[in-house]
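Peer 1: Here's a structure for you.
The values are calculated or read from the model by the stated rules, or taken from the named source; none is laboratory data. Treat the numbers as computed from the prediction; the structure is a model and nothing was measured. Reconstructed Cβ throughout: ideal geometry from the backbone, glycine too, with neighbour counts over all protein chains shown. The protein model used for the area step is the full one, side chains on, heavy atoms only, and it has no ligands, DNA or RNA in it. Shrake-Rupley method; radii C 1.70, N 1.55, O 1.52, S 1.80 Å.
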Amino acid sequence: MEEGQIIKFPEMKVVDNDLEIEFELDLGLSELGSKEEFIDSRKRDIQNGLNEVDNALSASSKRIEELSKEIERLTNSADGLDYALAVGCGVLTGAIDVLWVGEYDLKRGKAWSNRKVNEFVMKKAKADDYDGKRLSGAIQHLEKNHRIPSDDIWKGKNIGVSAKSHHLDDLAHHPTPMGLLCSIATQFTKAGYFQNREGEFLPITVDEKSGELIGNDFCSKLSAGTANWFLHLVSDMSGSNKTAGAGMGIPGPVVSLLKEASMIPGLNKTGLSKEMHKVFVKEKLDLRSELAIGHELGRQAVPVLMNEILVRICYFIRRLIRELKEKKSMEEIDWKKTLPWKNRTIARMLTIATGTLTLIDLGDAAIRGAVKSGGNPAMFAKEFILHVNFVGVGRFVIAVATDTTMGLKRAKLRNERIVILSKQLHLINAKIYYMQAETWIAAETTEKTINEAFEMMEKTTVVFIEAWKANRRSMQNIAERRHDIDKNNPGLIEDISDILRLG
């Protein structure tokens with residue numbers, strides 16, 4: 001039988017007594033072969049599709065899980081007790097701000113900073129072998145032993161640099177990374193780097209007198225540009241030896257950085273350099289003044305810091321107690337749920353606590369301003385500002401911004417999760433379609449199996465009929481030749497009958 005051959009059995013009908021069979025077979029081998037290949041191909045396509053859908057569903061489920069965790073972190077779950085604790089912390093620290101911090105007093109800050117700077121200068125001078133007890137002597141000792149090449153090279157140049165402003169205009173006198181870089185550069189380029197009040201950048205060649213302060217080799221240049229530079233700045237912190245503790249010092253980090261920023265192209269045309277000159281020379285905002293401001297802001301920061309700590313402690317204790325009630329064991333506690341940071345609940349509590357502190361502070365400032373001003377608006381504004389805790393106001397603004405940002409981010413993530421869930425529904429529908437197609441393929445395969453079984457039954461029936469007819473003919477022949485059989489084989493008929501009866 002060749003492949004592709006179609007075999008047809010003619011219609012067959014056998015009628016004999018009670019037996020009647022009628023059938024017709026038509027087998028197309030080429031059709032069955034192509035159908036099997038088609039079914040196998042469809043099965044592979046369906047399986048590949050199911051694998052792709054399953055992979056996409058797995059990836060989307062993982063992303064949804066990540067989004068859900070992040071959304072939970074960005075969700076405010078504070079209850080009434082949390083809010084009450086936050087308000088209580090704000091009231092307590094607000095009272096500390098009113099009773100202990102008081103008004104902003106720059107004179108008090110300057111007294112503190114002058115004392116600290118003078119002590120620092122004396123300490124460094126003694127470490128540099130100074131054995132005196134006077135501040136002026138310590139300054140003179142450091143100035144003599146630790147001069148820098150750019151200190152006096154501006155004199156007589158008529159470039160807009162003066163004795164009062166040269167510590168600001170000479171970049172090597174800045175206590176900043178730029179100041180250190182310029183000091184080292186002077187050692188290798190033999191030039192000092194200045195910027196006058198007009199914003200002009202002015203490299204000035206080191207003269208012969210100052211040239212002796214340039215190192216002879218790499219190591220000596222590097223040492224002079226760093227260690228010598230630092231100790232020279234120390235000698236200038238408290239003013240000159242003639243005005244020790246009261247004269248013009250060096251600019252602080254803030255003024256220095258703003259002065260350096262005024263060198264940037266574009267900013268050098270804005271008048272920023274002139275403003276820095278005014279602040280340093282006329283208003284005498286030097287390093288000691290910046291330290292004084294920092295000291296006063298540090299006093300204001302105390303109640304703000306206490307408020308921060310108290311709120312976080314309250315959050316931690318409440319969540320720890322809740323975890324202990326749920327888990328019944330310290331080993332089972334989920335510590336991430338107790339940590340008082342990086343979640344929307346603690347951000348909201350801090351917003352309420354700092355808002356309460358700020359409200360009390362502003363109320364106190366307004367009352368004191370009204371009492372001291374006597375109805376004078378200008379005096380009221382001055383007294384009000386002096387009593388405002390700017391650190392607290394700043395922390396409140398940061399808390400509100402953090403809370404708001406978390407809320408916006410949460411909304412964005414929720415929208416993303418909705419989109420992914422929608423896509424996941426489409427993927428599930430696609431999977432159902434693939435599974436339905438697989439079911440129909442299986443049903444078609446089952447139909448083929450049933451047809452093959454019927455085909456086998458038909459073939460078996462044909463064989464059975466032929467065998468039955470042969471047996472019938474044999475029995476007829478035995479009946480017709482019984483006389484001959486008895487004659488030639490006496491007793492054979494009786495033996496066959498006995499066998500048939502026993503069977």
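So that you can scan it fast, the table gives a plain yes or no per residue for (1) surrounded by fewer than 18 Cβ atoms within 10 Å (Cβ to Cβ); (2) among the acidic types (Asp, Glu); (3) out of contact with any Cys (no Cβ under 9 Å at 6 or more places or on another chain):
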{"position": "Ala86", "(1), (2), (3)": "no, no, no"}
{"position": "Ile96", "(1), (2), (3)": "yes, no, yes"}
{"position": "Ser113", "(1), (2), (3)": "no, no, yes"}
{"position": "Ala125", "(1), (2), (3)": "no, no, yes"}
{"position": "Asp129", "(1), (2), (3)": "yes, yes, yes"}
{"position": "Leu135", "(1), (2), (3)": "no, no, yes"}
{"position": "His146", "(1), (2), (3)": "no, no, yes"}
{"position": "Gly156", "(1), (2), (3)": "yes, no, yes"}
{"position": "Leu168", "(1), (2), (3)": "no, no, yes"}
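Peer 1: Test Ile317 against the stated conditions and say whether it is touching a Lys or Arg at 6+ places or on another chain (Cβ under 8 Å) and either at pLDDT 95 or above or surrounded by fewer than 21 Cβ atoms within 10 Å (Cβ to Cβ) (or both).
Peer 2: Numbers: touching a Lys or Arg at 6+ places or on another chain (Cβ under 8 Å): no; either at pLDDT 95 or above or surrounded by fewer than 21 Cβ atoms within 10 Å (Cβ to Cβ) (or both): yes.
So Ile317 does not fit the description; no.
Peer 1: Is there any pair with a first residue in the stretch 99-124 that is more than 18 Å from Phe384 (Cα to Cα) and a second that is in a helix (DSSP H, G or I) and β-branched (Val, Ile, Thr) whose Cβ atoms are under 9 Å apart and which are 6 or more apart or on different chains, and what are they?
Peer 2: Going by the 9 Å Cβ cut-off, the qualifying pairs are Gly109/Ile293; Ser113/Ile293; Phe120/Val234; Val121/Ile139; Val121/Val234; Lys124/Val234.
Peer 1: Right, something else. Looking only at residues in the stretch 54-98 that are without any contact (Cβ under 8 Å) to a residue 40 or more places away in the chain and either in a loop (DSSP other than H, G, I, E, B) or not small (Gly, Ala, Ser) (or both), which one is farthest from Ile352 (Cα to Cα)?
Peer 2: That would be Asn55.
Peer 1: To continue, here is another question. I need every pair where a residue in the stretch 348-371 that is under 13 Å from Leu386 (Cβ atoms) has its Cβ under 8 Å from the Cβ of a residue that is surrounded by 22 or more Cβ atoms within 10 Å (Cβ to Cβ) and among the charged types (D, E, K, R), sequence separation at least 6 or different chains.
Peer 2: Asp361/Asp97; Asp364/Asp97
Peer 1: Just for helices (runs of 4 or more DSSP H) wholly inside the stretch 221-317: which have at least 1 residues that are basic (Lys, Arg) and closer than 13 Å to Leu168 by Cβ?
Peer 2: 253-261, 272-277
Peer 1: Is it fair to say Ser183 is surrounded by 16 or more Cβ atoms within 10 Å (Cβ to Cβ), touching a Gly at 6+ places or on another chain (Cβ under 6 Å), within 30 Å of Leu267 (Cβ to Cβ) and in contact (Cβ under 8 Å) with a residue 12 or more places away in the chain?
Peer 2: So Ser183 passes the test.
Peer 1: Among the residues of the stretch 235-249, is any farther than 21 Å from Asn118 by Cβ, open to solvent by 70 Å² or more (accessible area, probe 1.4 Å) and either of a type outside the set (Asp, Glu) or free of Cβ contacts under 8 Å to residues at least 60 places away in the same chain (or both)?
Peer 2: no
Peer 1: Quick check: is even one residue across the stretch 120-139 in a helix (DSSP H, G or I) and under 22 Å from Ile293 (Cβ atoms)?
Peer 2: yes
Peer 1: Next up: Of the residues Lys35, Lys43, Lys62, only one is exposed (fewer than 15 other Cβ atoms within 10 Å of the Cβ), more than 30 Å from Lys469 (Cα to Cα), basic (Lys, Arg) and modelled with pLDDT of 70 or more; which?
Peer 2: Just one listed residue meets the conditions, Lys62.
Peer 1: Next question, about the same structure. Out of the residues in the stretch 280-296 that are within 18 Å of Val117 (Cα to Cα) and open to solvent by 60 Å² or more (accessible area, probe 1.4 Å), state the one that is modelled with the lowest pLDDT.
Peer 2: Filtering first and then ranking leaves Lys284.
Peer 1: Consider the stretch 320-350. How many of its residues are part of a helix (DSSP H, G or I), open to solvent by less than 50 Å² (accessible area, probe 1.4 Å) and modelled with pLDDT of 90 or more?
Peer 2: Of the residues in the stretch 320-350, the ones part of a helix (DSSP H, G or I) are 320-327, 330-332, 335-337, 344-350.
Still in the running and open to solvent by less than 50 Å² (accessible area, probe 1.4 Å): 320, 323, 344-347, 349-350.
Cutting the leftovers down to modelled with pLDDT of 90 or more gives us 320, 344-347, 349-350.
Within the stretch 320-350, residues that are part of a helix (DSSP H, G or I), open to solvent by less than 50 Å² (accessible area, probe 1.4 Å) and modelled with pLDDT of 90 or more number 7.
Peer 1: Still on this structure, I have one more. Which condition breaks for Trp440 when tested against (1) open to solvent by 30 Å² or more (accessible area, probe 1.4 Å); (2) at pLDDT 95 or above?
Peer 2: In the conditions (1) open to solvent by 30 Å² or more (accessible area, probe 1.4 Å); (2) at pLDDT 95 or above, Trp440 misses (2) alone.
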